[in-house]
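Structure first, commentary second.
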Amino acid sequence: MTNFITNDDADDLKKRLIQLIQKSEELKFLVGFFYFSGIRELYEGLKSNPDTAIKVLVGLNVDRHNFGLIEFADNEQLSDEEKTYKFFESIKKSLNTENFD
């Protein structure tokens with residue numbers, strides 16, 4: 001089922017998103033811009049339903065600090081498992097640092 005939620009006449013978009021997260025298996029967002037600090041706003045909903053898959057398709061206006069997430073090739077010969085681990089560690093670091101707010 002496809003539903004679109006806009007902020008046109010919404011009383012509280014944050015409250016509505018938290019309600020949806022608590023009851024959904026998957027949510028897909030199409031946004032014009034995205035800040036990692038926005039994930040904090042959805043924390044309560046995610047805490048009550050940690051298996052929710054969230055997918056975000058971002059338009060052209062990604063904040064400039066997000067470019068720091070781009071992974072560059074290493075000279076190291078890493079296994080796929082090691083590369084995956086390093087990638088997720090870099091995402092975890094970016095979500096927990098003030099530089100990406």
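No value in this document is a laboratory result; all are computed from the given coordinates. On a predicted model such as this, the values are computed, not experimentally measured, just so you know. Note: ideal-geometry Cβ built from the backbone for every residue, glycine included; neighbour counts use all protein chains shown.
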Partners for residue 28 among lysines (Cα-Cα distance below 24 Å; same-chain residues under 8 apart left out): 14, 15, 47, 55, 92, 93
Virtual spin-label span in nm between residue 40 and residue 84, 7 Å along Cα→Cβ: 3.1 nm
Derived scalar couplings ³J(HN,Hα) [the range 40-54; Karplus, 6.51 cos²θ - 1.76 cosθ + 1.60; whole Hz; x for Gly, Pro]: 4, 5, 9, 4, 4, x, 5, 5, 7, 9, x, 8, 5, 8, 10
